[in-house]
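Here is the structure we will look at, set down as structure tokens.
The values are calculated or read from the model by the stated rules, or taken from the named source; none is laboratory data. Predicted model only: the values in this text are computed from it and were never measured. Glycine gets a Cβ as well: all are built from the backbone with ideal geometry, and neighbour counts include every protein chain shown. Note: accessible area is taken over every heavy atom of the protein model, side chains too, but ligands, DNA and RNA are not part of it. Shrake-Rupley method; radii C 1.70, N 1.55, O 1.52, S 1.80 Å.
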Amino acid sequence: MAMAFVGTKSLFHVSSHRSNPPAFSFQISHFSYNVALLRSTSLALNRKRQSYSPIRACGLPDKKDDGGRINEPASVSGSENRVSWLETLSTFANNNFLPLALVTGVAVGIANPSLGCLADRYYLSKFSTFGIFVISGLTLRTSEISASVEAWPVAVYGLVSILLLTPYFSRLILQIHLHPQEFVTGLAIFSCMPTTLSSGVALTQLAGGNSALALAMTVISNMLGILAIPFSISKFIAAGVGIAVPTKELLRSLVLILLIPLIFGKILRESFKGVADFVDGNRKLFPRISAILLSLVPWMQVSRSRSLLLMVKPEIFLAAIGMGTFLHIALLAFNALGIRTLAAFSGGNKSVFSKRRNVSAVLLVASQKTLPVMVAVVEQLRGALGESGLLVLPCIAAHIIQIIIDSFLVNFWSTSDGSSNNVK
């Protein structure tokens, strides 16, 4: 026992004699620090795994069906259905903001006309119209118009059709007799208007058409249309109903209310790059503001004419809607025939009138009519051709219908192009 102890003591003595005691103690402490670090890391990982453990809805365990799939609780699937419905409604509202705004304005005017009459008394319609065309000038991008120079014969036909030929349809419309006759007169005025400010260009882009050509026809026809509208109304409509329209006063009013705000907005856009960048960066915001301003005008007009509107029979209003539908289909057929005829006389398949992109642009733009200009014209007429609300109401329906019909037409073109590509 003593020998063993002595051996052990000598062993420790030799060991301590061969090693450096401070270094040995440093190694022991470093080793114990690593052990403590590993323990703390292990505890942290265990806590993290516990924190990511799945939470069961309603405290119920997952149940599996015969195929081994987990059945979610009814509350989870119900909330997902509600979210999907909300997303669907939001998408529908975003895609159809203008029609919904117009319909809402008409409905509010019929339901509670007192506020609309008060707004009309303080000339809110003039301010809203001014704002609409300032926004139109701000959003007009003319940098691509030079790209349409190649297709200038198509642009000339489109302008002639919009400003000179399609107003003749107003005489055919005036041959129809309804009560109230303002429904017919309003659609006749609508046929004398220039093309839409945004819908034609947007649908041309969706159809893969020549958007630069569509933009050129839109800008030029609305500029010239403000000058041509008084003469068209005086020649085709006022003479047809036996009423004299003050052409010079109407022209002056349209220049002040429509042309000057449009030019003012365009000058702002071209003069300040920051304004153009801000407008281009908010391409969805400004059309919605314009749609809200536009919906204020029929709201006030319908509020003012509510007593007369309630006297109209539903079948009469449906007949006016049918007339608006027929008008747009007739304009599409007329322009399609005109394009086909010009293509046959100017080179056949090699003609600029035979190019698919040019055809879709001119057919869509030349067959649509703008509602904001029509509303502004009716405001300036001050009841010379009938009650404002009765004149505007069928045109709101016609405006919505033309967008719906052209959307189906664009979808048909897209489907046909896709099927032909698949065949190739």
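Once the other residues with Cβ under 14 Å from the Cβ of L268 are scored (Lys, Arg +1; Asp, Glu -1), what is the net sum?
Neighbourhood net charge equals +1.
Rg and Dmax in Å for the stretch 273-374, alpha carbons only: what are they?
When restricted to the Cα atoms of the stretch 273-374, Rg and Dmax are 20.3, 58 Å.
Kindly provide the Kirkwood hydrodynamic radius of the stretch 344-424 in Å, to one decimal, from all pairs of distinct alpha carbon atoms. Spell out each step's value before the answer.
Working: mean 1/r = 0.0634 Å⁻¹.
After inverting the pairwise mean of 1/r, the radius is 15.8 Å.
Taking the Cβ of I396 as the center, what net charge do the other residues with Cβ under 14 Å away carry, scoring Lys and Arg +1 and Asp and Glu -1?
Net of charged neighbours comes to 0.
For the stretch 102-219, what mean projected area does the convex hull of the alpha carbons give, in nm²?
Seen from a random direction, the Cα hull of the stretch 102-219 projects 10.0 nm² on average.
Tell me the per residue accessible area of the stretch 107-235 using a 1.4 Å probe; a whole number in Å² is fine.
42 Å²
With each label point set 7 Å from Cα along the Cα-Cβ vector, what nm distance links Y168 and Q181?
The answer from the label model is 2.5 nm.
Measuring with a 1.4 Å probe in the full set of protein chains, what accessible area per residue, in whole Å², belongs to the stretch 288-329?
Using a 1.4 Å probe on heavy atoms only, each residue of the stretch 288-329 averages 48 Å².
Can you pull the percent of the stretch 149-279's accessible area that's carbon plus sulfur, 1.4 Å probe, other chains left in place? Numbers along the way, then the final one.
Details: 3980 of 5620 Å².
Carbon and sulfur: 71 percent of the exposed surface of the stretch 149-279.
Gain in length, F278 to L337, computed as 0.36 nm per residue apart minus the alpha-carbon separation, to one decimal in nm?
Value of the extension gain: 17.1 nm.
Where does each of 358-368, 172-182 land if you order them by average Cβ count within 10 Å, highest first?
Output ranking for 358-368, 172-182: 358-368, 172-182.
If we count every other residue with Cβ under 12 angstrom of I339's Cβ, Lys/Arg +1 and Asp/Glu -1, where does the sum land?
+3
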